[in-house]
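Please read the structure below before turning to the comments.
The values are calculated or read from the model by the stated rules, or taken from the named source; none is laboratory data. Bear in mind the structure is a predicted one, so any value in this text is a computation, not a measurement. Methodologically, a virtual Cβ is constructed for each residue, glycine included, from the backbone with ideal geometry; neighbour enumeration extends over all protein chains shown.
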Amino acid sequence: DAGVIQSPRHEVTEMGQEVTLRCKPISGHDYLFWYRQTMMRGLELLIYFNNNVPIDDSGMPEDRFSAKMPNASFSTLKIQPSEPRDSAVYFCASSFTSEKLFFGSGTQLSVL
Amino acid sequence: DAKTTQPPSMDCAEGRAANLPCNHSTISGNEYVYWYRQIHSQGPQYIIHGLKNNETNEMASLIITEDRKSSTLILPHATLRDTAVYYCIVKYVHNNNDMRFGAGTRLTVKP
């Protein structure tokens, strides 16, 4: 298996623009997690899914952020409109029965 | 989930054992101890986890005290590539399936 695949690897956008981050989890995994990492706040859990259903989205910063998982092999994290304070590395992770998490390489987002 | 306390940073000489401590004095009986590490600019990587007994795999050993209030991750022969931030997490498997990371310990392996 290729592991958790995230795209794009880097994203530079201007304030106010819509940003969509994508994640393909490992086949057969039933949990999917979205994290955000900044120097100030460290690694924060934003939302996680179990069998494509959002379980806990209490970490989502505000209504500008939304996440979907239309099927077992794909998830998106959308920011609309984006702001400079959203600049961070966004990680996706998947796991089987919430045991060990496997992380993707992350998306480096810069909002100018 | 129980909170954990880790030293912010540690150094280790290359080839020596690295012993990373973690305090989790409020851990409950059904909470597991997990260790992950994050090498610069990469996603975190699972290392090992355990409940009560000591565990060993190809990467490391996990020693959990009898009262389970603390644990130690041991990298038996540290290499420069082990330089990373190491996170200790306690997680209740059945009712709380999230994984929240603290600040971790920044381990620097020196030649």
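Kindly establish whether A:Ile79 is within 29 Å of B:Tyr92 (Cα to Cα) and more than 11 Å from every other protein chain (Cβ to nearest Cβ). Before the answer, list the steps.
Working: within 29 Å of B:Tyr92 (Cα to Cα): no; more than 11 Å from every other protein chain (Cβ to nearest Cβ): yes.
For A:Ile79, the condition - within 29 Å of B:Tyr92 (Cα to Cα) and more than 11 Å from every other protein chain (Cβ to nearest Cβ) - is not met.
Quick one: would you say B:Ser28 is over 12 Å from B:Gly104 (Cβ atoms) and exposed (fewer than 13 other Cβ atoms within 10 Å of the Cβ)? It would help to see each step written out before you state the result.
On the way: over 12 Å from B:Gly104 (Cβ atoms): yes; exposed (fewer than 13 other Cβ atoms within 10 Å of the Cβ): yes.
Answer is yes for this residue.
Restricting attention to the range A:58-75, does a residue exist that is away from chain B (no Cβ under 11 Å), loosely packed, with under 15 Cβ neighbours inside 10 Å, of a type outside the set (S, T, N, Q) and closer than 14 Å to A:Gln108 by Cα?
For the range A:58-75, residues away from chain B (no Cβ under 11 Å), loosely packed, with under 15 Cβ neighbours inside 10 Å, of a type outside the set (S, T, N, Q) and closer than 14 Å to A:Gln108 by Cα: absent.
Check A:Leu112 against each of (1) in contact with a Ser or Thr (Cβ under 9 Å, 6 or more places away or on another chain); (2) surrounded by 15 or more Cβ atoms within 10 Å (Cβ to Cβ) and name the one condition it does not meet.
Tallying (1) in contact with a Ser or Thr (Cβ under 9 Å, 6 or more places away or on another chain); (2) surrounded by 15 or more Cβ atoms within 10 Å (Cβ to Cβ), A:Leu112 fails exactly one: (2).
Residue by residue, here is whether (1) acidic (Asp, Glu); (2) under 17 Å from B:Lys3 (Cβ atoms) holds:
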| residue | (1), (2) |
| --- | --- |
| B:Gln45 | no, no |
| B:Glu58 | yes, no |
| B:Ile63 | no, no |
| B:Thr83 | no, no |
| B:Tyr87 | no, yes |
| B:Arg106 | no, no |
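Please enumerate the residues belonging to the range A:1-41 that are of a type in the set (A, V, I, L, M) and without any contact (Cβ under 8 Å) to a residue 24 or more places away in the chain. Reasoning before the result, please.
The first filter runs over the range A:1-41 and keeps only residues of a type in the set (A, V, I, L, M), leaving A:2, A:4-5, A:12, A:15, A:19, A:21, A:26, A:32, A:39-40.
Answer for the range A:1-41, where residues must be of a type in the set (A, V, I, L, M) and without any contact (Cβ under 8 Å) to a residue 24 or more places away in the chain: A:Ala2, A:Met39, A:Met40.
How many residues, within the range A:4-19, are within 12 Å of chain B (Cβ to nearest Cβ) and either at pLDDT below 95 or assigned to a strand (DSSP E or B) (or both)?
3
I want to confirm something. Restricting to the range A:21-57 and keeping residues that are exposed (fewer than 15 other Cβ atoms within 10 Å of the Cβ) and polar (S, T, N, Q), which single residue is farthest from B:Tyr86 (Cα to Cα)?
A:Asn51
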